[in-house]
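J.: The structure is given below, and queries will be raised subsequently.
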Amino acid sequence: MKYKAVIFDMDGTILDTIEDLTDSLNYCMEKFSYPLHSVSEMKTFVGNGMRMMVERAAPKDTAPEIKDKIYECFYDYYNDHCRIKTKPYEGIPSLLSELRRKGVLTAVISNKVDSAVASLCNTVFKDCFDEYMGAMDNIPLKPERDMIDRVLEKLKVDIKDAVYVGDSQVDLQTGRNAGMDVIAVTWGFRSRDFLIKNGAKVLADDPLDLLELI
């Protein structure tokens with residue numbers, strides 16, 4: 001194998017989470033009598049963490065203290081409802097199994113809150129990842145490189161021996177900031193053309209493509 005470790009983004013890369021994210025957001029928006037959002041709209045809100053998602057979803061004139069309350073509502077509700085419709089993308093479980101069979105270390109980093117990342121990794125992907133990390137206090141979110149550095153330190157793998165796999169412009173920038181190889185996947189929340197316009201050089205259209213690239 002070309003790499004000793006693979007770090008995956010979660011939403012839109014290994015898991016199709018968009019319906020649970022949309023349902024959870026709309027539950028909170030409805031509580032505050034704000035307009036609901038479609039799945040297509042939701043795809044444009046995610047990527048930079050849950051607070052930014054709320055910032056993008058709330059009406060522009062929403063007071064900061066109301067946005068805080070929407071975020072708190074979403075945080076609590078999503079943590080309890082993050083596994084209703086969420087499922088792995090087809091081929092991902094087989095890919096992870098094959099990578100581990102070949103001795104490649106696997107990890108997840110996400111701007112989703114750490115408790116939800118842990119819940120999903122320990123249920124949907126039980127025993128599939130060597131490390132995982134979500135949003136926590138005092139750790140900068142992607143596209144800053146901090147999560148990558150922390151995970152690779154735990155894995156004891158040099159950055160030149162690792163590759164980052166994601167589906168968005170945030171993931172592309174994260175890889176660039178870390179100075180590591182990046183593979184962009186086209187089955188997630190951003191289109192192939194969008195990824196290319198945002199600097200993607202290596203793309204995968206199917207999880208089997210990832211196995212060849214890794």
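Bear in mind that the values in this text are calculations on the coordinates, not laboratory data. Since we're looking at a predicted model, the values are computed, not measured. Virtual Cβ from ideal backbone geometry, glycine too; neighbours counted across all protein chains shown.
J.: At a Cα cut-off below 26 Å, give the lysines reachable from LYS85, other chains included and same-chain residues fewer than 8 away excluded.
T.: LYS31, LYS43, LYS67, LYS69, LYS112, LYS126, LYS142
J.: Given axes a ≥ b ≥ c from the Cα gyration tensor, I'd like to know whether the range 65-129 is rounded (a/c under 1.5), prolate (a/b larger than b/c) or oblate. Each step should come with its number before you reach the end.
T.: On the way: a/c = 3.42, a/b = 2.47, b/c = 1.38.
Prolate is the answer for the range 65-129, as a/c is 1.5 or above and a/b outweighs b/c.
J.: In addition: Hey, what do the phi angles of the range 15-22 turn into as Karplus ³J(HN,Hα) couplings, whole Hz, using 6.51/-1.76/1.60 and θ = phi - 60°, x for Gly and Pro?
T.: So the J values, rounded to whole Hz, are 10, 8, 9, 5, 6, 5, 4, 5.
J.: Amide H neighbours of PHE8 under 5 Å, at least 5 residues apart or on other chains, H built in the peptide plane: list them.
T.: ALA107, VAL108, ILE109, VAL165
J.: Can you pull the semi-axes for the range 1-123, root of five times each eigenvalue of the Cα gyration tensor, sorted largest first, whole Å? Working shown, then result.
T.: Values: eigenvalues 199, 34, 29 Å².
The three semi-axes for the range 1-123 are 32, 13, 12 Å.
J.: Could you tell me which Cys residues in the chain have no other cysteine's Cβ under 4.7 Å from their own Cβ, answering none if every one has a partner?
T.: By the Cβ distance rule, which asks for a partner under 4.7 Å, the isolated cysteines are CYS82, CYS121, CYS128.
J.: Pairing the Cα long axis of helix 146-155 with the longest principal axis of the chain, what angle in degrees results, from 0 to 90 and rounded to the nearest 10?
T.: So the helix axis and the longest Cα principal axis differ by about 40 degrees.
J.: Could you sort 44-57, 148-161 so that the peptide with the highest average Cβ count within 10 Å comes first and the rest follow in order?
T.: Numbers: 44-57: 19.6, 148-161: 15.7.
Final packing ranking: 44-57, 148-161.
J.: Let me ask another. Exposure proxy check: TYR27, TYR89, TYR132 ranked by fewest other beta carbons within 10 Å? Walk me through the numbers on the way to the answer.
T.: Working: TYR27 15, TYR89 18, TYR132 22.
Taking fewest neighbouring Cβ atoms as first place, the list is TYR27, TYR89, TYR132.
J.: Taking the number of other C-beta atoms within 10 Å as the exposure measure, put CYS82, CYS73 in order starting with the fewest.
T.: Details: CYS82 23, CYS73 18.
The most exposed by this proxy come first: CYS73, CYS82.
J.: Whole-Hz ³J(HN,Hα) for each residue in the range 37-49, computed from phi via Karplus 6.51 cos²θ - 1.76 cosθ + 1.60 with θ = phi - 60°, x for glycine and proline: what do you get?
T.: 10, 7, 4, 4, 5, 4, 4, 7, 8, 8, x, 10, x
J.: Once you have a ≥ b ≥ c as the square roots of the Cα gyration tensor eigenvalues for the chain, tell me rounded if a/c is under 1.5, and otherwise prolate or oblate according to whether a/b is larger than b/c. It would help to have the intermediate numbers written out before the result.
T.: Details: a/c = 1.76, a/b = 1.71, b/c = 1.03.
Note, shape of the chain comes out prolate.
J.: Arranged from highest to lowest average of other beta-carbon atoms within 10 Å per residue, in what order do the peptides 13-21, 170-178 appear? Provide the component values of the computation, followed by the final result.
T.: Working: 13-21: 23.4, 170-178: 21.4.
In decreasing order of mean packing, 13-21, 170-178 become 13-21, 170-178.
J.: Right, something else. Among ASN198, ASN122, VAL185, which residue has its Cα positioned farthest towards the positive end of the charge dipole of the range 120-207, with +1 placed on the Cβ of Lys and Arg, -1 on the Cβ of Asp and Glu, and the dipole taken about the Cα centre?
T.: Going by the Cα projections, it comes out as ASN198.
J.: Follow-up. Under the classification rounded if a/c is under 1.5, otherwise prolate if a/b is larger than b/c and oblate if not, where does the range 3-48 fall, given a ≥ b ≥ c as square roots of the Cα gyration tensor eigenvalues?
T.: On the way: a/c = 3.47, a/b = 3.24, b/c = 1.07.
Here the range 3-48 falls in the prolate category.
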